[in-house]
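Working notes, structure below.
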Amino acid sequence: MIRIHKKLPPEANLILQIHDELIVECRESDAKKVANIMEVEMTNVHRFAVPIEVGIKTGKSWGDLD
């Protein structure tokens, strides 16, 4: 989370963590960049014998992410 926070664009905010989920608020134009940062950082946090899978969803509200 710390590495992700440091790499986010200035207007993006890591607003919530729930267990293994992170919610970031950002401009729609930054969504792909933010998603890429999160995927790279989360999949490369540590080398495990079994690869880590990361699922990323975007939406205008938390309710849109079902």
Angstrom value of the Kirkwood radius, inverse mean 1/r, which spans all Cα pairs in the chain: 12.6
For a quick protection proxy, order the peptides 45-51, 5-11 by their average other-Cβ count within 10 Å, most packed first. 5-11, 45-51
Percent carbon-and-sulfur accessible area, the chain, ignoring ligands, DNA and RNA, probe 1.4 Å: 53
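Assuming a strict under-18 Å limit between Cα atoms, what lysine pair count do you get for the chain once near-sequence pairs (fewer than 8 apart, same chain) are dropped?
For the chain, the number of qualifying lysine pairs is 8.
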Please list 3J(HN,Hα) in residue order for region 39-46, calculated via the Karplus relation 6.51 cos²θ - 1.76 cosθ + 1.60 where θ = phi - 60°; whole Hz, with x for glycine and proline. 5, 4, 5, 6, 7, 10, 5, 6
Can you work out the Karplus-derived ³J(HN,Hα) for every residue in region 24-35? Use 6.51 cos²θ - 1.76 cosθ + 1.60 with θ = phi - 60°, whole Hz, and x for glycine or proline. 10, 9, 8, 5, 4, 5, 9, 4, 5, 5, 5, 4
How long is the gain from ILE18 to ARG3 if the chain were fully straight, where each residue apart is worth 0.36 nm and the alpha carbon distance is subtracted? 3.7 nm
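The values are calculated or read from the model by the stated rules, or taken from the named source; none is laboratory data. Computed from a predicted structure; not experimentally measured. Don't worry about glycine lacking a Cβ; one is built from the backbone with ideal geometry, like all the others, and counts go over all protein chains shown. Calculation scope for accessible area: heavy atoms of the full protein, side chains included, ligands and nucleic acids excluded. Shrake-Rupley method; radii C 1.70, N 1.55, O 1.52, S 1.80 Å.
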